[in-house]
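*Asks:* Here you go, one structure.
FYI, it's all coordinate maths here, none of it is from the lab. In this text the structure is predicted, and so the values were computed from the model without any measurement. So basically every Cβ, Gly included, is an ideal-geometry build from the backbone, and we count neighbours across all protein chains shown.
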Amino acid sequence: MRFKYDICIIGGVGHVGLPLGLLFQSKGKKIVLYDVNLKNIKKVNNGIMPFIEIGSKKFIKKKSNSFFATNKKKYISQAKFIIISIGTPIDKNLKPKLKNFLNFFKKIKNLINKDQILIVRSSVYPGTCKKIINILNNKFKNLAYCPERVVQGHAIQELPKLPQIVSGFSKKAINSSSNLFKIICYKTLITTMLEAELIKLFSNAWRYAHFSISNQFYMICENYNLNFSRVRKLMIDGYERNKDVPLAGFTAGPCLLKDTMQLSAFMKKKFSLGHTAMSINEGLPNFMVNKLIKNYNLKNMVAGILGLSFKADIDDTRDSLSFKLYNLLKKKCKKVLISDEYFAHPSGIEKNNLIKKSNIVIIAVPHTAYKKLKFPKNKIIVDSWGIIKK
């Protein structure tokens, strides 16, 4: 069967799908970006990136016959490859919310034919891909799972440098997907389906637990009135074994916590290290506020939060712990001010204005712009990241 397009990316104007689409179109592939986000669809078709992605400016271009975004499902049937990059959230009980994700395949199964290759790229709970096959009535076997493993905002830079994990339910799905990703990645690694599903979850759970160790160290130092940034610097100085000790600070975003939770659910809550990491990382805002309560009369003070995104130098605020901190401080302080370099919050103010009006300033996100800030001596500074020179 001849197809009009090479690839249709579901969730195509999102943080995972769009950079992938840009790289494939740069290699001459005809790309359709399917999504329901009309605002981002319009931006992409006008040649505007809807979010920060380093290196994207030289790839993004206005709508053409070979690269465009749409909310029309009919295009799904017109591409040889269908890549799924939609979100897979978790519920309040830390369990995967698969219903909406799986329902999507019920809605599109009549648009898929046996000549197409369906590639799942989203983080998934182990066994999810098998459920997708069941939804497609077992008649469609060309399903592959090729998880993404890039750092958000750096996908275009990282994808060509990283090996791509490839698994599938048929030789055709595996071979076709492997050949496709070799166009933009330097090599592919063939695995079983369960191996691929766990590699993705293990990767993010490892990073999440790694960060939790430094956050625990930070809390220990704070309880003994020590500066963890100084302690960490001394740990690393000339001692190679400690060189990978990360900075302390808010650890959040749409992947690390979620995938740790998914792994925990898969292990029926027997992933004790993951639970401890979640308790430490999610508890850091409470720790900061409780220490402030212990040392200051917050009800007469104005607190300022610098940084609202979930990590430095991006504009994505999904699952950011800055908002948890904001809600905790609102209950204790006279007023709480917020500011961010990349995310325009309706209540946000300019960073220097925030410093001027606040008694307490908390560096919630280590944006590069904050490293050059100067603070009056009468300000109370909370800087777990250690980016402010004293």
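*Asks:* If only Cα atoms are counted, what is the Rg of segment 116-174, and what is its Dmax, in Å?
*Replies:* Rg then Dmax for segment 116-174, in Å: 13.0, 38.
*Asks:* Could you put 244, 315, 6 in order, starting from the residue whose Cβ has the fewest other Cβ atoms within 10 Å?
*Replies:* 244, 315, 6
*Asks:* Just to be sure I understand: if I project the alpha-carbon convex hull of segment 60-155 onto a plane and average over all orientations, what area do I get in nm²?
*Replies:* Quarter of the Cα hull surface area: 7.7 nm².
*Asks:* For Rg/Rh (Cα atoms, Kirkwood Rh), which listed value, (1) 1.07; (2) 1.01; (3) 0.98, comes from the coordinates shown?
*Replies:* Given (1) 1.07; (2) 1.01; (3) 0.98, the structure-derived one carries the label (2).
*Asks:* Whose amide H sits under 5 Å from the amide H of residue 168, counting only residues 5 or more places off or on another chain, with H placed in the peptide plane?
*Replies:* Correct list: 145, 193.
*Asks:* Also, quick follow-up: Out of residues 5 or more away from residue 296 or on other chains, whose amide H comes under 5 Å of its own, with H placed 1.01 Å from N in the peptide plane?
*Replies:* Amide H neighbours of residue 296: none.
*Asks:* May I pose another question? Say the dipole of segment 199-382 comes from +1 at the beta carbon of Lys and Arg and -1 at that of Asp and Glu; which of 283, 234, 214 then lies farthest toward its positive end?
*Replies:* 283
*Asks:* Another one. Out of 25, 312, 166, whose Cα points farthest toward the positive end of the dipole of the chain (charges: +1 Lys, Arg; -1 Asp, Glu; placed on Cβ)?
*Replies:* With unit charges placed on the Cβ atoms, the residue in question is 25.
*Asks:* Taking 7 Å along the Cα-to-C-beta vector as the label spot, tell me the residue 39-residue 71 distance in nanometres, rounded to one decimal.
*Replies:* Rounded to a tenth, the inter-label distance reads 1.3 nm.
*Asks:* Between beta-carbons, use under 11 Å as the cut-off and find the net charge around residue 208, counting Lys and Arg +1, Asp and Glu -1.
*Replies:* Summing Lys and Arg as +1 and Asp and Glu as -1 gives 0.
*Asks:* Would you mind computing, in nm to one decimal, how far apart the modelled labels at residue 161 and residue 225 are, each placed 7 Å from Cα along Cα→Cβ?
*Replies:* 4.4 nm
*Asks:* Something else: Give, rounded to the nearest 20 debye, the magnitude of the charge dipole that segment 73-185 has about its Cα centre when Lys and Arg contribute +1 at Cβ and Asp and Glu contribute -1 at Cβ.
*Replies:* For segment 73-185, the charge dipole is close to 480 debye.
*Asks:* Among 268-277, 11-20, 163-172, what's the highest-first ranking by average C-beta atoms within 10 angstrom per residue?
*Replies:* 11-20, 163-172, 268-277
*Asks:* Moving on to the next point. Using r as the Cβ-Cβ distance of residue 170 and residue 2, and R0 as 25 Å, what FRET efficiency do you calculate, to the nearest 0.05?
*Replies:* Efficiency computed from Cβ-Cβ geometry: 0.75.
*Asks:* May I pose another question? Using just the helices of the chain, give the 222 nm mean residue ellipticity in deg cm²/dmol: DSSP H runs with n ≥ 4 each add -39,500 (n - 2.57), and the total is spread over all residues, rounded to 500.
*Replies:* -11500 deg cm²/dmol
*Asks:* Now for a separate question. What's the extension gain from residue 357 to residue 195 if we count 0.36 nm per residue and subtract their Cα-Cα distance?
*Replies:* Taking residue 357 through residue 195 to full extension adds about 53.1 nm, to one decimal.
*Asks:* Nothing charged except the Cβ atoms of Lys and Arg (+1) and of Asp and Glu (-1): what's the magnitude of the dipole of segment 199-382 about its Cα centre? Round to the nearest 20 debye.
*Replies:* Roughly 680 debye for segment 199-382.
*Asks:* While we're here: Order these peptides, 329-338, 252-261, 62-71, 208-217, by their mean beta-carbon neighbour count within 10 angstrom, highest first.
*Replies:* So the peptides 329-338, 252-261, 62-71, 208-217, ranked by packing, come out 252-261, 208-217, 329-338, 62-71.
*Asks:* For the chain, with only Lys/Arg (+1) and Asp/Glu (-1) charged at the beta-carbon, what is the dipole magnitude about the Cα centre, in debye rounded to 20?
*Replies:* Dipole of the chain, to the nearest 20 debye: 920 debye.
*Asks:* How do 49-57, 340-348 rank on mean C-beta neighbours within 10 Å, highest first?
*Replies:* 49-57, 340-348
*Asks:* Please compute the alpha carbon radius of gyration of segment 199-382, then divide it by the globular-protein estimate 2.2 N^0.38 Å. Two decimals is fine.
*Replies:* 1.06
*Asks:* Rounded to the nearest 0.05, what FRET efficiency is calculated for residue 267 and residue 26 with R0 set to 30 Å and r the Cβ-Cβ distance?
*Replies:* Efficiency, rounded to the nearest 0.05: 0.15.
*Asks:* Something else now. Could you please report the charge total around residue 352, scoring K, R as +1 and D, E as -1 over all other residues with beta-carbon less than 13 angstrom from its beta-carbon?
*Replies:* +4
*Asks:* Related question: Given a Förster distance of 25 Å, report the FRET efficiency between residue 111 and residue 186 from their Cβ-Cβ distance, rounded to the nearest 0.05.
*Replies:* Using R0 = 25 Å, I get an efficiency of 0.15.
*Asks:* Report the relative contact order of segment 199-382, percent, no decimals, based on alpha-carbon pairs under 8 angstrom and at least 6 residues apart.
*Replies:* Averaging sequence separation for qualifying contacts and normalising by length gives 20 percent for segment 199-382.
*Asks:* Would you mind counting up the charge near residue 244? Only other residues with Cβ under 15 Å from its Cβ, with Lys and Arg at +1 and Asp and Glu at -1.
*Replies:* Residues near residue 244 contribute +3 overall.
*Asks:* Report the Cα centroid-to-centroid distance between segment 208-285 and segment 293-323 in angstrom, as an integer.
*Replies:* Their Cα centres are 18 Å away from one another.
*Asks:* Relative contact order of the chain, please, whole-number percent, based on alpha carbon pairs below 8 angstrom and at least 6 residues apart.
*Replies:* Once divided by the residue count of the chain, the mean separation gives 11 percent.
*Asks:* To check you understand DSSP bridge types, tell me what percent of the beta bridges within the chain (both residues inside) are antiparallel, rounded to 5.
*Replies:* Of all bridge pairs located within the chain, approximately 10 percent are antiparallel.
*Asks:* Additional query: Translational diffusion coefficient of segment 5-191 at 10 °C, 1.306 mPa s, Stokes-Einstein with Kirkwood Rh over Cα pairs, in µm²/s as a whole number.
*Replies:* In µm²/s, the coefficient rounds to 96.
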